[in-house]
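Engineer: This is the structure I want to talk about, given as structure tokens.
The values are calculated or read from the model by the stated rules, or taken from the named source; none is laboratory data. Because the structure is predicted, anything quoted here is derived from the model rather than measured. Positions of Cβ are backbone-derived with ideal geometry, glycine not excepted, and every protein chain shown enters the neighbour counts.
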Amino acid sequence: MKPHEAQVRVGSQDIAGVRQIPPSESAAAECLTPEQVRQYEDVGYLFLSACFSEAEARVMKLECKRLMAEGNDGRQSGLDVLWAPHTESAIFDELVRHPRLLGPSIQLVGSDVYVFRSKLHTKIGFASEMVPWHQDYKRWHDTDGLPSPRITSIAVFLDEISEFNGGLTLIPASHKEGLLLPLERSDVFGAAFEKRRFDVDLETVGRLIEKYGLVQPRGPAGSVLIFAANLVHASGPNMTPWPRDMALLAHNSVENALLPRSDPRPEYKASRTVSPLTSVSDDALSRRASSLTSEHV
């Protein structure tokens, strides 16, 4: 059996859920168990199945549909990506400051955090493409000047994720390889290389899969995946007729501010505003769920 071969499975078998934090406690409270912290350090991710309730996920799903339909001042990339929803929506502002996400991020990076970026990503049924193998930190380091991978990448499932609708596939423990450099190409494929310079080349991916195996976290809407910025991952196409929605965000340490760039990306794609997040109450989203009218159910 290859290393981590037994982890090519789904759901909460991989890791227990995050401890619920009462609203009176600080988001900095140690909401992850020592076992969960070790899991994150060892394999580079935590999967928290049903971290948010079905009702809370429904609130976020409806808000996602509204925002994607309306667009937001040029911050929409095609039909499938909308950037910085937390700056336009009170619901997604509450999500990035929710103690079930903020607490683990503070605990894992060892300091206060701020929102480096957030986006909504829809994989349209039958029409979406594969997202190639990559490390988030590669682009953030090279393009934005992120000094270190002291940052958490977080995916919040707004729909149930199955093997058919384009969930994230991870190479566990691949974050231990550090920042991977792409293979330079000087032949006729040079133009293609330039386009894919933030991807991990397939020769390296093959070596890593042989070494570490694969895992694809799947679970109900409301589940949360927290993973290291150097973890190699990809996602396949959505083979179903139904759209698959996901909220993605990155909590960066306030001690890991971006270095200056002569031509920085827009603030909504890579924030340079280092403002420590304060927590909302744990029931912020559930209170919104209780106020939904029957037409939303």
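Engineer: More than 23 Å from Gln36 (Cβ to Cβ) and not hydrophobic (A, V, I, L, M, F, W, C), is that true of Gly74?
Structural biologist: Yes, satisfied.
Engineer: Report, by residue number, each residue of the range 219-250 that is surrounded by fewer than 21 Cβ atoms within 10 Å (Cβ to Cβ) and of a type in the set (D, E, K, R).
Structural biologist: none
Engineer: Sticking with this structure for a sec: May I ask you to say which residue of Ser105, Ser89 is of a type in the set (Gly, Ala, Ser) and either touching a strand residue (DSSP E or B) at 6+ places or on another chain (Cβ under 9 Å) or touching a residue at least 40 places away in the same chain (Cβ under 8 Å) (or both)?
Structural biologist: Working: Ser89 fails: either touching a strand residue (DSSP E or B) at 6+ places or on another chain (Cβ under 9 Å) or touching a residue at least 40 places away in the same chain (Cβ under 8 Å) (or both).
Ser105 is the lone residue from the list that is of a type in the set (Gly, Ala, Ser) and either touching a strand residue (DSSP E or B) at 6+ places or on another chain (Cβ under 9 Å) or touching a residue at least 40 places away in the same chain (Cβ under 8 Å) (or both).
Engineer: Could you please let me know if Cys51 is buried (at least 21 other Cβ atoms within 10 Å of the Cβ), touching a residue at least 40 places away in the same chain (Cβ under 8 Å), touching a strand residue (DSSP E or B) at 6+ places or on another chain (Cβ under 6 Å) and part of a helix (DSSP H, G or I)?
Structural biologist: no
Engineer: Filtering the range 48-86 down to residues that are of a type in the set (S, T, N, Q) and out of contact with any Pro (no Cβ under 9 Å at 6 or more places or on another chain), which residue is nearest to Gly219 (Cα to Cα)?
Structural biologist: Ser53
Engineer: Residue check, Asp199 against (1) surrounded by 18 or more Cβ atoms within 10 Å (Cβ to Cβ); (2) under 14 Å from Trp140 (Cα atoms); (3) modelled with pLDDT under 95; (4) in contact with a Ser or Thr (Cβ under 9 Å, 6 or more places away or on another chain), all met but one. Which one?
Structural biologist: (4)
Engineer: Another question about this same structure. From Val18, Val43, grab the single residue that is under 17 Å from the mean Cα position of the chain (by Cα), surrounded by 15 or more Cβ atoms within 10 Å (Cβ to Cβ) and at pLDDT below 95.
Structural biologist: Result: Val18 is the single residue among Val18, Val43 that is under 17 Å from the mean Cα position of the chain (by Cα), surrounded by 15 or more Cβ atoms within 10 Å (Cβ to Cβ) and at pLDDT below 95.
Engineer: Among the numbered criteria (1) within 14 Å of the chain's Cα centre (by Cα); (2) crowded, with 19+ Cβ neighbours inside 10 Å, which one does Val113 miss?
Structural biologist: Result: Val113 passes all but (1).
Engineer: Show the residue pairs meeting these rules: Cβ distance below 9 Å; 6+ apart or different chains; first residue within the range 130-143 and under 15 Å from Ala155 (Cβ atoms) and surrounded by 20 or more Cβ atoms within 10 Å (Cβ to Cβ); second residue among the acidic types (Asp, Glu) and at pLDDT below 95.
Structural biologist: Filtered contacts from the range 130-143: no entries.
Engineer: Name every residue in the range 138-154 that is touching a His at 6+ places or on another chain (Cβ under 9 Å) and either farther than 25 Å from Ser49 by Cα or assigned to a strand (DSSP E or B) (or both), in order of residue number.
Structural biologist: Correct list: Pro147, Ser148, Ile151, Thr152, Ser153, Ile154.
Engineer: Looking at (1) in contact (Cβ under 8 Å) with a residue 12 or more places away in the chain; (2) among the basic types (Lys, Arg); (3) not in a strand (DSSP E or B), which one does Arg117 not meet, given that it meets all the others?
Structural biologist: It is condition (3) that Arg117 fails.
Engineer: Which of the residues that make up the range 68-97 are surrounded by fewer than 17 Cβ atoms within 10 Å (Cβ to Cβ), part of a helix (DSSP H, G or I) and of a type in the set (A, V, I, L, M, F, W, C)?
Structural biologist: Ala69, Ala90, listed by residue number.
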